[in-house]
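Peer 1: Sharing a structure here in structure tokens format.
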Amino acid sequence: MRIFYTVIFIATVTILITINLNEQEKVDLRQSGVPLCDFQIEPCRYSDDWGVAVLTSSLKTITSEEIFDFYLDFNDEHSVEIKSAFLQGRDMYMGKIPLFFNYHQSRFTSQALLGACTEPTMVWRMTINAEINHKPRTLHFDFASYQ
């Protein structure tokens, strides 16, 4: 009888651990306050009291270890200077990847390359420190990359 109860206990613990691990693997793609960019559907917009910034990507589906470009457009009437920008994992630390935006043909552009992640989906956060109309501003964009 003891063996029966031991087997039942071990099976129950195994099932609970499996359920917990499966719940941890689900990535919460959305967080309040920061837009989650889905470049497959539309450009990503960041709105604030100074206006709108629009972020697009040269890839509709961003995959790790593939070079791609970001394009960042602001309202024409604004004076914008990007002081610094970087990418970092939103939910998992993968270091900081610097971005270097250049102003060319009325838009800011930057190349990027993301490291591989063990998860099938990884959410990245782009942080842009800029001076807009001579005032310091920080913009955040979240987007997902895939293996």
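Every number in this text was worked out from the coordinates using simple rules, so none of it is lab data. On a predicted model such as this, the values are computed, not experimentally measured, just so you know. So basically every Cβ, Gly included, is an ideal-geometry build from the backbone, and we count neighbours across all protein chains shown.
Peer 1: Looking at 56, 118, 109, 63, which one is at negative phi and exposed (fewer than 12 other Cβ atoms within 10 Å of the Cβ)?
Peer 2: Exactly one of 56, 118, 109, 63 is at negative phi and exposed (fewer than 12 other Cβ atoms within 10 Å of the Cβ), namely 118.
Peer 1: Out of (1) part of a strand (DSSP E or B); (2) under 17 Å from the mean Cα position of the chain (by Cα); (3) exposed (fewer than 12 other Cβ atoms within 10 Å of the Cβ); (4) not acidic (Asp, Glu), what's the single condition that is false for residue 136?
Peer 2: (2)
Peer 1: Among the residues of the range 90-115, what is the count of those that are assigned to a loop (DSSP other than H, G, I, E, B), more than 15 Å from the chain's Cα centre (by Cα) and of a type in the set (Phe, Trp, Tyr)?
Peer 2: 2
Peer 1: In this structure, does residue 55 turn out to be within 25 Å of residue 118 (Cα to Cα) and either of a type in the set (D, E, K, R) or not in a loop (DSSP other than H, G, I, E, B) (or both)?
Peer 2: Judged against the criteria, residue 55 is not a match.
Peer 1: Looking at (1) over 20 Å from residue 41 (Cβ atoms); (2) in a strand (DSSP E or B); (3) touching a residue at least 12 places away in the same chain (Cβ under 8 Å); (4) not aliphatic (A, V, I, L, M), which one does residue 124 not meet, given that it meets all the others?
Peer 2: Answer for residue 124: the failing condition is (1).
Peer 1: With respect to residue 61, determine if the residue is in a strand (DSSP E or B) and either in contact with a Cys (Cβ under 7 Å, 6 or more places away or on another chain) or not hydrophobic (A, V, I, L, M, F, W, C) (or both).
Peer 2: No; evaluated as a whole, the condition is false for this residue.
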